[in-house]
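Novice: Below you will find the structure I want to go over with you.
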Amino acid sequence: MKAIILSFLMIVVNSCSVQSHNNPQFNNIERKEIDKIELKEQTRGTNRSFVLNSEYLITVLNENTSKSKVSLSEWENIEKQINLIELSKISSLAAPTTGRYSDQALASTIIVISNGKTYQSSSFDAGNPPKELASLYKAIQQIIQNKKTTP
C-alpha cells in the first residue's frame, strides 16, 4: 500500500514539474543569468560609460577610467530589476522625450548581456528612460552616485 501511495505521489510531483516548465506564465519569472550591464550616455562633447558586473563598476568619462567595487546587495538589486524586464523587447521600448535629438539631453542606452546574449535598449534621454526601464535605470544611477561619494 505504501508503495502505491509513494508511486502516486512521484507521478503527481513529476507532472507538476513538467507543467511548470512548459507553462509560459512560469517562464516569465525564470531568473536570468546576468553577465554585465552597461549604461552609455553621450552628446557632442561628452561620452560616459558605466559597466557593471557582479564585482565592479567601471566608469569611463571621456577618456578617464575608474573602477569601484560593487556590493552584493547592489548587484542583487540590479538582478532583481533586470528579472522584471522582458529583455527581448527592450530594443522596441519607446522613449518618452526627444531632447537628445538637439543635444538638450545626453543620448542614453542600456545594454544587458545575459547568458551570453546582448540586449540593447533604444536610445532615450538621460534621466528619462522608457517606463519599463525606469527602475533599472534608477538602480544603476544609485550605484553610480554611491561610488562618487565613496572615497
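Novice: Among the residues of the stretch 102-131, which ones are modelled with pLDDT under 95, under 19 Å from Thr46 (Cα atoms) and out of contact with any strand residue (DSSP E or B) (no Cβ under 6 Å at 6 or more places or on another chain)?
Specialist: Ser102, Gln104 - these are the residues of the stretch 102-131 that are modelled with pLDDT under 95, under 19 Å from Thr46 (Cα atoms) and out of contact with any strand residue (DSSP E or B) (no Cβ under 6 Å at 6 or more places or on another chain).
Novice: Moving on. Out of all the residues in the stretch 69-82, which are exposed (fewer than 15 other Cβ atoms within 10 Å of the Cβ) and of a type outside the set (Lys, Arg)?
Specialist: Quick first cut of the stretch 69-82, residues exposed (fewer than 15 other Cβ atoms within 10 Å of the Cβ) only: 69, 71-73, 76, 80.
If the condition is that a residue be exposed (fewer than 15 other Cβ atoms within 10 Å of the Cβ) and of a type outside the set (Lys, Arg), then Ser71, Leu72, Ser73, Glu76 are the ones that fit.
Novice: Which of the following residues is over 12 Å from the mean Cα position of the chain (by Cα), of a type in the set (Val, Ile, Thr) and at pLDDT 95 or above: Thr98, Thr150?
Specialist: On the way: Thr150 fails: at pLDDT 95 or above.
Within the list Thr98, Thr150, the selection yields Thr98.
Novice: A further question follows. Can you find a residue that is under 16 Å from the mean Cα position of the chain (by Cα) and without any contact (Cβ under 8 Å) to a residue 12 or more places away in the chain anywhere in the stretch 118-128?
Specialist: Yes, there is a match, as at least one residue in the stretch 118-128 is under 16 Å from the mean Cα position of the chain (by Cα) and without any contact (Cβ under 8 Å) to a residue 12 or more places away in the chain.
Novice: Hey, any hits in the stretch 57-67 for a residue that's among the basic types (Lys, Arg), at pLDDT 95 or above and within 17 Å of Thr109 (Cα to Cα)? Walk me through how you get there before you give the answer.
Specialist: Our first condition is that a residue be among the basic types (Lys, Arg); within the stretch 57-67, this holds for 67.
Subset that is at pLDDT 95 or above: 67.
Narrowing further to those that are within 17 Å of Thr109 (Cα to Cα): none.
Scanning the stretch 57-67, I find no residue that is among the basic types (Lys, Arg), at pLDDT 95 or above and within 17 Å of Thr109 (Cα to Cα), so the answer is no.
Novice: Going by what's in this entry, would Ile85 be described as in a loop (DSSP other than H, G, I, E, B) and surrounded by 14 or more Cβ atoms within 10 Å (Cβ to Cβ)?
Specialist: Numbers: in a loop (DSSP other than H, G, I, E, B): yes; surrounded by 14 or more Cβ atoms within 10 Å (Cβ to Cβ): yes.
Judged against the criteria, Ile85 is a match.
Novice: Search the stretch 125-151 for residues being assigned to a loop (DSSP other than H, G, I, E, B) and not polar (S, T, N, Q), and hand back the single one that is surrounded by the most Cβ atoms within 10 Å (Cβ to Cβ). Give the steps one after another, and end with the answer.
Specialist: Quick first cut of the stretch 125-151, residues assigned to a loop (DSSP other than H, G, I, E, B) only: 126-127, 129-130, 150-151.
Within this subset, residues satisfying the condition of being not polar (S, T, N, Q) are 126-127, 129-130, 151.
Numbers: Ala126: 20, Gly127: 14, Pro129: 26, Pro130: 17, Pro151: 2.
The residue in question is Pro129.
Novice: Where residues in the stretch 33-68 are among the acidic types (Asp, Glu) and free of Cβ contacts under 8 Å to residues at least 40 places away in the same chain, which of them is surrounded by the most Cβ atoms within 10 Å (Cβ to Cβ)? Can you show your working first?
Specialist: To start, the set of residues in the stretch 33-68 that are among the acidic types (Asp, Glu) comprises 33, 35, 38, 41, 55, 63.
With free of Cβ contacts under 8 Å to residues at least 40 places away in the same chain added as a condition, the list becomes 55, 63.
Values: Glu55: 12, Glu63: 6.
By that ranking, first place goes to Glu55.
The values are calculated or read from the model by the stated rules, or taken from the named source; none is laboratory data. Please read these numbers as outputs of a predicted model, since none were measured by experiment. Backbone-built Cβ (ideal geometry, glycine too); neighbour counts: all protein chains shown.
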